[in-house]
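Asks: Below are the structure tokens for one structure; questions will follow.
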Amino acid sequence: MKVSIFGLGYVGSVSAACLARDGHDVLGVDLNPQKLALLRSGKAPIVEEGIQALTREAVESGRLQVTDDVTAAIGATELSFICVGTPSSANGSQDLSAVVRVSEAIGGALARKSAFHTVVLRSTVAPGTALELIKPALESASGKRSGVDFGLCFQPEFLREGSSIRDYDHPPFTLVGGDSPVSIEALRQLFGHLPCEFIATDIRTAEALKLVCNAFHALKITFANEVGRIAGALDIDSRQIMALVCRDTRLNISPAYMKPGFAFGGSCLPKDLRALMYLGRARDVDTPVLSSILPSNQIHIESVVERVLADKRRRIALLGLSFKPGTDDLRESPLVALAERLLGKGLRLSIYDADVSLSRLIGANKQYIEDAIPHLGELLAESAEATVKGADIVIVGHPLAAVWEAVYAHATSEQLVIDLAGNGDRARMPSNYWGVCW
Ligand SMILES: NC(=O)c1ccc[n+]([C@@H]2O[C@H](COP(=O)([O-])OP(=O)(O)OC[C@H]3O[C@@H](n4cnc5c(N)ncnc54)[C@H](O)[C@@H]3O)[C@@H](O)[C@H]2O)c1
């Protein structure tokens with residue numbers, strides 16, 4: 001394919017050299033004359049393993065050329081990548097001025113081109129940028145319609161400096177959000193050979209994913225470092241601990257616990273987290289990330305309380321009480337915490353949990369619930385159906401099929417169903433539906 005690349009920094013230079021290596025004709029565009037001069041002489045403008053040899057071969061073969069003429073670059077190619085910088089502004093938002101300027105320039109060039117063209121944004125941007133900023137810039141400068149006269153895609157770049165050529169060839173997946181099937185197919189032609197899945201999604205999801213991935217990587221590093229500081233203070237080898245953490249691919253390095261839903265709780269997670277934080281505190285080790293986990297969890301519960309209170313109605317059905325389905329363990333259950341908060345606000349609660357029966361509760365579990373909800377017996381209902389029928393608001397806490405069937409069968413259009421379980425079928429919901437974070 002004939003491809004132009006706008007912005008010849010780390011991402012643009014690596015993409016240019018790799019695409020030329022893969023047999024495509026690449027035209028690089030940058031504002032910086034020094035970068036253009038370096039590339040013209042066969043030298044890469046960045047330091048990166050393998051990039052000098054790859055760039056030299058690409059330039060010598062004639063498959064990589066550079067220009068500062070945007071119109072010529074758009075006219076001579078069928079697809080353009082935007083790889084300009086999106087640095088942080090003082091308030092943490094992204095400075096999108098370079099992305100907008102380059103889009104206006106590309107739009108101006110599109111006005112003078114009759115053939116269909118694909119524009120692919122690869123710079124990291126916040127969700128909404130492509131559709132709310134780039135698309136209008138391209139459309140108003142070109143007088144053409146995105147998705148019809150030209151295609152607009154967002155494709156996050158997953159390369160890391162230092163190993164970028166290897167990362168270019170082995171991404172976790174190729175993710176493309178786009179408004180034109182022709183453009184998505186063009187990207188499949190460029191990247192479909194890579195040893196990974198090619199996933200087409202919507203543009204905003206693709207934009208969000210890159211930010212979320214990088215935030216997760218930063219979180220992982222900080223988690224490991226906080227564990228390291230505590231372990232160091234305890235004279236335990238943190239590298240061995242974290243290596244063992246990673247050996248558990250069932251619960252640790254796995255999709256487990258990675259689904260947005262309701263707050264966590266139970267008899268182990270909060271207790272053991274507090275114990276770990278205490279070990280640090282007792283040795284003057286600050287662990288701000290670990291320390292913010294329980295407050296964040298509480299905010300999650302409060303968001304549901306606020307939603308219920310905003311409704312102004314008083315009769316609440318709570319389906320599920322134990323910290324997860326299939327157990328009657330109520331200790332530190334977030335659903336018990338929610339019930340406590342709602343009762344404290346003077347709301348009328350009816351609770352159904354097939355696994356919780358007062359007569360069967362014993363020991364620490366019984367003591368816990370007697371302290372938290374002293375009159376629980378009066379609030380427990382006989383069936384999910386009875387609970388749903390008498391309520392204004394139905395809160396589903398456990399992802400159980402039997403519970404949902406009762407909701408689908410008996411909820412009415414006046415009721416509000418709040419889904420904390422994460423598996424409600426909106427299409428079968430006769431009532432208003434609100435997912436706790438979706
Ligand atoms: N560096 C990485 O490892 C990496 C990885 C993934 C994603 N990203 C994202 O990719 C984007 C680019 O990152 P980078 O590190 O390559 O940036 P960079 O600052 O190294 O390069 C940006 C280039 O764009 C050029 N430029 C600016 N305005 C231009 C215009 N109007 N026309 C043509 N060229 C123009 C600049 O001269 C510069 O050469 C950023 O959004 C970044 O967040 C970077």
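Asks: Any idea what the relative contact order of the range 97-183 is, in percent, if you count C-alpha pairs under 8 Å spaced at least 6 apart?
Replies: Across the range 97-183, relative contact order equals 31 percent.
Asks: Right, something else. If a paramagnetic tag sat 7 Å from the Cα of His217 along the Cα-Cβ line, which residues of the range 70-110 would have the backbone N under 20 Å from that point?
Replies: 82-89, 92-95
Asks: Now for a separate question. Report, to two decimal places, the Cα Rg of the range 86-129 normalised by 2.2 N^0.38 Å (N = number of residues).
Replies: 1.39
Asks: For Lys35, list the lysines whose Cα falls under 16 Å from its own Cα; do not include residues on the same chain fewer than 8 positions away.
Replies: Partners within reach: Lys43.
Asks: Just the number, please: percent antiparallel of the DSSP beta bridges in the chain, rounded to the nearest 5.
Replies: Bridges in the chain that DSSP calls antiparallel: roughly 5 percent.
Asks: With just the Cα atoms defining each centre, how far is the range 174-210 from the range 333-379? Give it in Å.
Replies: That distance is 48 Å.
Asks: Counting other C-beta atoms within 10 Å, and keeping those with at most 16, which DSSP coil GluC sites (Glu not before Pro) do you find in the range 356-404?
Replies: Of the GluC sites (Glu not before Pro), the ones in loops of the range 356-404 whose Cβ has at most 16 other Cβ atoms within 10 Å are Glu382.
Asks: Starting from the Cα gyration tensor of the range 206-258, multiply each eigenvalue by 5, take the square root, and state the resulting semi-axes largest first in whole Å.
Replies: They are 25, 15, 7 Å, listed from largest to smallest.
Asks: At 7 Å along the Cα-to-beta-carbon direction for both Glu370 and Leu194, put a label point, then send me their distance in nm to one decimal.
Replies: Between Glu370 and Leu194, the label points sit 6.1 nm apart.
Asks: Taking only complete DSSP H runs, can you tell me which helices of the chain stretch 20 Å or more along their own long axis by Cα positions and average at least -1.0 on the Kyte-Doolittle scale?
Replies: 97-111, 203-233, 293-311
Asks: Okay, moving on. Only four residue types carry charge here, +1 at the Cβ of Lys and Arg and -1 at the Cβ of Asp and Glu. Report the dipole size of the range 294-358 about the Cα centre in Debye, rounded to the nearest 20.
Replies: Rounded to the nearest 20 debye, it is 460 debye.
Asks: Taking the alpha-carbon centroid of each part, what is the distance from the range 34-98 to the range 255-284 in angstrom?
Replies: When both Cα centres are located, 45 Å separates them.
Asks: Round to the nearest 0.05 the FRET efficiency obtained for Arg239 and Asn432 when R0 = 56 Å and r is the Cβ-Cβ distance.
Replies: The calculated FRET efficiency here is 0.65.
Asks: Going by average Cβ density within 10 Å per residue, which order do the peptides 50-57, 147-154, 261-268 take, highest to lowest?
Replies: For the peptides 50-57, 147-154, 261-268, the packing ranking is 147-154, 261-268, 50-57.
Asks: When only DSSP loop residues count, what GluC sites (Glu not before Pro) in the range 177-240 have their Cβ near at most 13 other Cβ atoms within 10 Å?
Replies: Filter output for the range 177-240: Glu197.
Asks: Under a cut-off of 19 Å between alpha-carbon atoms, report the lysines in cross-link reach of Lys312, not counting same-chain residues fewer than 8 places apart.
Replies: Within reach: Lys345, Lys389.
Asks: Same structure, new question: Along the charge dipole of the chain, pointing to its positive end and built from +1/-1 on Cβ of Lys, Arg, Asp and Glu, which listed residue (Leu347, Ser15, Phe323) has its Cα farthest out?
Replies: Among Leu347, Ser15, Phe323, the one farthest towards the positive end of the dipole of the chain is Ser15.
Asks: Can you tally the net charge around Tyr368? Count Lys and Arg as +1, Asp and Glu as -1, for every other residue whose Cβ sits under 14 Å from the Cβ of Tyr368.
Replies: -3
Asks: So how many Å³ per residue does the convex hull of the Cα atoms of the chain work out to?
Replies: Convex hull volume per residue, Cα atoms: 190 Å³.
Asks: At 7 Å along the Cα-to-beta-carbon direction for both Val47 and Cys246, put a label point, then send me their distance in nm to one decimal.
Replies: Distance between the two pseudo-spin positions: 2.6 nm.
Asks: With the crude spin-label approximation of a point 7 Å out along Cα→Cβ, what separation in nm comes out for Tyr257 versus Ser291?
Replies: 2.1 nm
Asks: Rounded, prolate or oblate: which fits the range 296-435, taking a ≥ b ≥ c as square roots of the Cα gyration tensor eigenvalues, rounded meaning a/c under 1.5, else prolate when a/b beats b/c?
Replies: Taking the square roots of the gyration eigenvalues as a ≥ b ≥ c, the range 296-435 is prolate.
Asks: Largest first and in whole Å, give the semi-axes of the range 2-201's equivalent ellipsoid, each being the square root of 5 times a Cα gyration tensor eigenvalue.
Replies: Over the Cα atoms of the range 2-201, the ellipsoid semi-axes are 24, 19, 18 Å.
Asks: Which lysines have a Cα less than 16 Å from the Cα of Lys135, not counting those fewer than 8 places away in the same chain?
Replies: Of all the lysines, those that pass the test against Lys135 - Cα under 16 Å, at least 8 places apart if same chain - are Lys144.
Asks: At a Förster radius of 60 Å, what calculated FRET efficiency corresponds to the Cβ-Cβ distance of Glu385 and Asp68, to the nearest 0.05?
Replies: My answer for the efficiency is 0.25.
Asks: Where the only charges are on Cβ atoms (+1 Lys, Arg; -1 Asp, Glu), what is the dipole of the range 116-159 about its Cα centre, to the nearest 20 debye?
Replies: I would put it at about 60 debye.
Any read-out appearing in this document is the output of simple, stated calculations on the displayed coordinates, not a laboratory observation. Since this is a predicted model, take the numbers as computed values, not measurements. Neighbour counts run over all protein chains shown; Cβ positions are idealised from the backbone, glycine included.
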